[in-house]
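Colleague: Once you've had a glance at the structure underneath, I'll fire off some questions.
The values are calculated or read from the model by the stated rules, or taken from the named source; none is laboratory data. Bear in mind that the values here come from a model prediction, so they are computed numbers and not experimental data. Neighbour counts are summed over all protein chains in view; Cβ atoms, including those assigned to glycine, are modelled from backbone coordinates with ideal geometry. These accessible areas exclude ligands, DNA and RNA; they are computed on the full protein's heavy atoms, side chains included. Shrake-Rupley method; radii C 1.70, N 1.55, O 1.52, S 1.80 Å.
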Amino acid sequence: MKTTIKRTSKQWNEIYFKYIEDQIKSADDINNDYGANIPDTLKDRLSFVLSCFNSEYNDQYNKKRYPNLTNRIADWFMGLPGVIDIDFENYKILQLCEKWGVIAPDAKEAQQDKLLEGWFVFIAHYLLKLAKKHKIDIDYLY
């Protein structure tokens, strides 16, 4: 799918990473909701999100069902986990992607459908990239 704005991969990463950072609940919200004591650093909050994924969804059954870690996280996102607020309403996703310049406002329905079908996998991919950037060990998730 062609984007409407030309950017470098570093610029795209910054946009997607910022979105994920903004969607992860603050340490105060996590501490209140989960009774955890998470310091308010992005690395700690990312680690907590991945830890929640691991305990809530990353069991042997789901590992067999979704052998690919990115797909497992995407499926977990579809259940709307409480530690991260990924947009799930089609119109909001399309508005966001138009704002970013990923898709044109007058995009055909087929283009919109393709974007929407891959939304959660896309965000899961960038969550893992962000974890790698912050040197978070994710080997235990495989």
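Colleague: What percentages, rounded to whole numbers, describe P(r) for the stretch 100-139 computed over all alpha carbon pairs with 5 Å bin width beginning at zero?
Modeller: In order of increasing distance, the bins hold 6, 20, 20, 17, 13, 11, 8, 4, 0 percent.
Colleague: Filter the GluC sites (Glu not before Pro) in the stretch 27-136 to those in DSSP coil with at most 11 other Cβ atoms within 10 Å of their Cβ, and list the result.
Modeller: 89
Colleague: Sorting 83, 102 by accessible area (1.4 Å probe), largest first, what list results?
Modeller: In descending accessible area the options line up as 102, 83.
Colleague: What are the semi-axes of the equivalent ellipsoid for the stretch 11-81, taken as the square roots of 5 times the Cα gyration tensor eigenvalues, largest first, in whole Å?
Modeller: 22, 18, 9
Colleague: Determine the share of the stretch 43-107's accessible area contributed by carbon and sulfur atoms, expressed in whole percent, with a 1.4 angstrom probe.
Modeller: The nonpolar share, carbon plus sulfur, comes to 48 percent.
Colleague: Using a probe radius of 1.4 Å on heavy atoms only, what accessible surface per residue do you get for the chain? Whole Å² is fine.
Modeller: On a per-residue basis, the chain sits at 60 Å².
Colleague: Is the stretch 49-99 best put as rounded, prolate or oblate by its Cα gyration tensor, with a ≥ b ≥ c the root eigenvalues, rounded for a/c under 1.5, and otherwise prolate when a/b is larger than b/c, oblate when not?
Modeller: The shape class here is prolate.
Colleague: Against the longest alpha carbon principal axis of the chain, how many degrees, from 0 to 90 and to the nearest 10, is the axis of helix 69-78 turned?
Modeller: 80
Colleague: Note down the Stokes-Einstein diffusion coefficient of the chain in µm²/s, whole number, using a Kirkwood radius over alpha carbon pairs, 10 °C, and 1.306 mPa s.
Modeller: It diffuses with D of about 99 µm²/s by this estimate.
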